[in-house]
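The values are calculated or read from the model by the stated rules, or taken from the named source; none is laboratory data. Since the model is a prediction, treat every value here as computed from it, not as a measurement. Backbone-built Cβ (ideal geometry, glycine too); neighbour counts: all protein chains shown. The protein model used for the area step is the full one, side chains on, heavy atoms only, and it has no ligands, DNA or RNA in it. Shrake-Rupley method; radii C 1.70, N 1.55, O 1.52, S 1.80 Å.
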Amino acid sequence: KITLPRHELKDLLQGANRVLPRSATLPILKAVRFTAKAGRLTATVTDLEQALSYRFEAAPTGDAVFVVDSKHLAPLAKGKDDDPVVFEVLPDHRLGITNTVGGHGILTRVDLMDATEWPADPCEVKTQSVDPLFLTHLRSAARFASTDESRHVLNSVFLDHAVKAGMT
């Protein structure tokens, strides 16, 4: 069982709507994957080009992974921010969603999607701080980039971080 305050679900959905495709040939891309592990709950959405992970403040009591179609989550955003929304994975491969409305819990059962169909997680990219002077030079060099969204190459800056002879 996972209990969330509605305002956290609203925050997730607000960000997720920027990533979730309006139409998808793969139904799994219209879904949200919830992962409860080691006392942390995260929700992930992806369109295969970008991904969003949202970490909830709520601490789940057990470990679980489930994938639910986002269309079942959208109606849960309506209501008082502090009202709880409860998710419970049921034995029949369904998800029980208890939505609190006017102080009363309304239980809805929805089909879960197959979590094995979820795309592989993007690899973690290691980052490090750079010299502020570098950022100043990068900003001045990038002024030439096109603002035309249809010209992807001219809309970008390629950085080659390889060390070349005589350069560091």
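Structural remarks
- If you go through the stretch 38-63 and keep only what is over 16 Å from Pro21 (Cβ atoms) and either in contact (Cβ under 8 Å) with a residue 40 or more places away in the chain or assigned to a loop (DSSP other than H, G, I, E, B) (or both), you end up with Ala38, Gly39, Tyr54, Phe56, Glu57, Ala58, Ala59, Pro60, Thr61, Gly62, Asp63.
- Flag if Leu52 is touching a helix residue (DSSP H, G or I) at 6+ places or on another chain (Cβ under 8 Å), open to solvent by less than 20 Å² (accessible area, probe 1.4 Å) and not polar (S, T, N, Q): no
- The single condition among (1) under 14 Å from Val67 (Cβ atoms); (2) among the hydrophobic types (A, V, I, L, M, F, W, C); (3) assigned to a strand (DSSP E or B); (4) in contact (Cβ under 8 Å) with a residue 60 or more places away in the chain that Leu4 does not meet is (1).
- Sole exception among (1) in contact with a strand residue (DSSP E or B) (Cβ under 7 Å, 6 or more places away or on another chain); (2) outside any helix (DSSP H, G or I); (3) open to solvent by less than 70 Å² (accessible area, probe 1.4 Å) for Ile28, by number: (2)
One line per residue, one yes/no per condition, for (1) within 19 Å of the chain's Cα centre (by Cα); (2) surrounded by 15 or more Cβ atoms within 10 Å (Cβ to Cβ); (3) within 20 Å of Asp47 (Cβ to Cβ):
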residue: Ser70; (1), (2), (3): yes, yes, yes
residue: Ala74; (1), (2), (3): yes, no, yes
residue: Gly79; (1), (2), (3): no, yes, no
residue: Asp83; (1), (2), (3): no, yes, no
residue: Leu90; (1), (2), (3): no, no, no
residue: His93; (1), (2), (3): no, no, no
residue: His104; (1), (2), (3): no, no, no
residue: Leu112; (1), (2), (3): yes, yes, no
residue: Leu133; (1), (2), (3): no, no, no
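- Scope the stretch 40-49; condition open to solvent by 70 Å² or more (accessible area, probe 1.4 Å) and at negative phi; matching residues: Arg40, Glu49
- Condition met for Ala77 (aliphatic (A, V, I, L, M) and either under 30 Å from Gly102 (Cβ atoms) or in contact with a Cys (Cβ under 7 Å, 6 or more places away or on another chain) (or both)): yes
- Considering (1) β-branched (Val, Ile, Thr); (2) within 27 Å of Leu26 (Cβ to Cβ); (3) modelled with pLDDT under 80, the lone condition that Val89 does not fulfil carries the number (3).
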